Structures are given as C-alpha cells and as structure tokens.
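Here's the structure, in structure tokens; my notes come after.
We did not get these values from a lab; they are worked out from the coordinates using the rules stated. None of these values were measured; they are calculated from a predicted model. We place every Cβ from the backbone using ideal geometry, glycine too, and count neighbours over all the protein chains shown.
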Amino acid sequence: MNDTTRDDTPRNDEAALLPPVNVIEDAAGITLYADLPGVPKDKLNLQLDADTLSIEGELVLAMPEGMSASYAEVNLPRYRRTFTLSKELDSEQAVAEFHDGVLKLRIPKAAHAQPRKIAIQAA
Amino acid sequence: MMYRSLFPRDLFAEFDRLQRELQQGIGLSPSIRGASRGFPAMNVGSAPQSVEIYAFAPGVDPASLDLQVEKGVLTISGERAPDASPEKSTVHIDERFAGRFRRTVTLPDDVDLNQVVARYQDGVLRISVPRSEAAQPRRITIK
C-alpha cells in the first residue's frame, strides 16, 4: 500500500458551490457550459478520464484590507461538480475554453459512434 | 370532546413557520425588493475606506452592462445571450441564466458616489464605492 497518495488531489469532503451548467448534445458530440465566476484560469482544474468528468475551481476575489462581508450569496471559496460520461464519448479529443468565468467543454463522440447514413443499394 | 383533529395545529402551516424561522435564524432576511437570489449573484463587503460590491456575472460583455446610482440605490442591469445551439441538438441540462437581468443594492449614506470604480475580471464585476472623507476613521491627536 502506498500511503503517500497524490496530495494535490482535491479533497472531496470540503464544501463547494455547485456551478450551474448547460449540456447540449448534437450528432457529433456534447458541449458543456459551466458558470464559474471568480475563478482565474490557473485555478480551474478539469479532470477527464474514461468515464468521469470533474470540474473544480477556486475563487479568487481581490479585496481591500479590513473588509468584512455584510451580505454574501457566494459564500464558499470553491466550485465543484462531477459528471459521469457515456462510453461513446471520446474524452481524449475534448477541447476546453475558459473566458470570463464561463467554461466551454466540447467532447466529441468516438468515430464509431457518429451517425452514419447507410446507402440502400438497388436490388 | 371525543373528536381530536389529526393535524392539531395545521402541520403545513407549522412547516412554513419553521422554514421562516430557520431563514431568519441564519440571517437570510428577505429583501423588500423581492426574491433575494437571482442573476447575477451578489456579495457586499464593508471596508473602512470603501464599500465593495461583487456581482457574479460570468460570460457577460462588460460593454453591455449598465450601472446606475439613483437616490442611494445602485442598479446593475444587462443581458446575457443564450448559448449557440446547433441544428438537431438536444438540451440535456439547462441551468444557466440567459436573458435580461437587473439587480439593485441599497448603498449606505456615508459613500462618495462621484468616485465609483467598476472593473470586470474573470466574470465578476467588482464595484468599489469609496466612503466619503468625513466618514473615514481618523485618529485624533491629543494635545
């Protein structure tokens, strides 16, 4: 047994905000959009393996010295959400973009799972 | 009396009361302007030199945001465009806000509304409203 497992992995017991997402599927793949406002690019952690996608981001807000919160709707320092992927998605070919707190992740379907039109031959 | 009501004090009214009490207990007193949650989510911070307002509005073009102050009420409004949906697509999850939005914050009295600074970074609009000179803490020297 190896006790010194990866220390940089996110600890899932810490409370996190659930980012709202949109998931749109078309013939060639799936597009996921997630709202992660306040997360700089270097604090976004995307993990995509064969059957799970995990999104984790840490909020960084510039604050003046001596500030105290008088009202807070965003009251946790991180976002986290996990999805189970289906087999026909090719996670190796996924492409992610992150601008102004919006993540756009495109996961294409594996070539064999793409719809094909079958030509019918005349008898 | 033989008859006893099954719901002695109306169970559902009791649940409502319990929920209200819980909300009050954790400091979630509802705003007079209605639903306290919406888009963009907001945080307000109080510092000795300024009041800081954070509006969590990801994916909004800063040029389309409108900020106005009138009679001590700050209004943030704008619009967020829906995602492009290709032809023959299926929407499986649709949780993100799209469309026009508008939220207001009541500012304290001791701020200088002529020096409001707003910046948009990583999807967060941060509005700094400095406190007026007279309201800032000062050390008084004793002669």
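Computed quantities for the displayed model
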read-out: Cα gyration tensor shape for the stretch B:45-89, rounded if a/c is under 1.5, else prolate or oblate; value: prolate
read-out: Debye, to nearest 20: dipole size of the stretch A:32-115, +1 on Lys, Arg Cβ, -1 on Asp, Glu Cβ; value: 140
read-out: Dipole of the stretch A:47-123, positive direction: furthest Cα of A:114, A:95, A:76, with charges on the beta-carbon; value: A:114
read-out: Footprinting exposure proxy for B:106, A:84 (fewest neighbouring C-beta atoms within 10 Å first); value: A:84, B:106
read-out: For A:64-76, mean number of other protein chain Cβ atoms within 10 Å; value: 6
read-out: Per-residue Cβ neighbour rank within 10 angstrom, fewest leading, B:122, B:94; value: B:94, B:122
read-out: Shielding of B:76-88 by partner chains, average beta-carbon count, 10 Å; value: 2
read-out: Farthest positive-ward along chain A dipole, Cα basis, beta-carbon charges - from A:50, A:39, A:27; value: A:27
read-out: Neighbouring partner chain Cβ atoms per residue of A:24-33, average, 10 Å criterion; value: 5
read-out: Three principal axis lengths of chain A [C-alpha, angstrom, descending]; value: 83, 42, 20
read-out: Neighbour-count order for A:33, A:71, A:79, fewest beta carbons within 10 angstrom listed first; value: A:71, A:33, A:79
read-out: For the stretch B:58-113, convex hull of alpha carbons as volume per residue, Å³; value: 95
read-out: Rounded D (µm²/s) - the stretch B:75-139, Kirkwood Rh over Cα pairs, Stokes-Einstein at 4 °C, 1.567 mPa s; value: 83
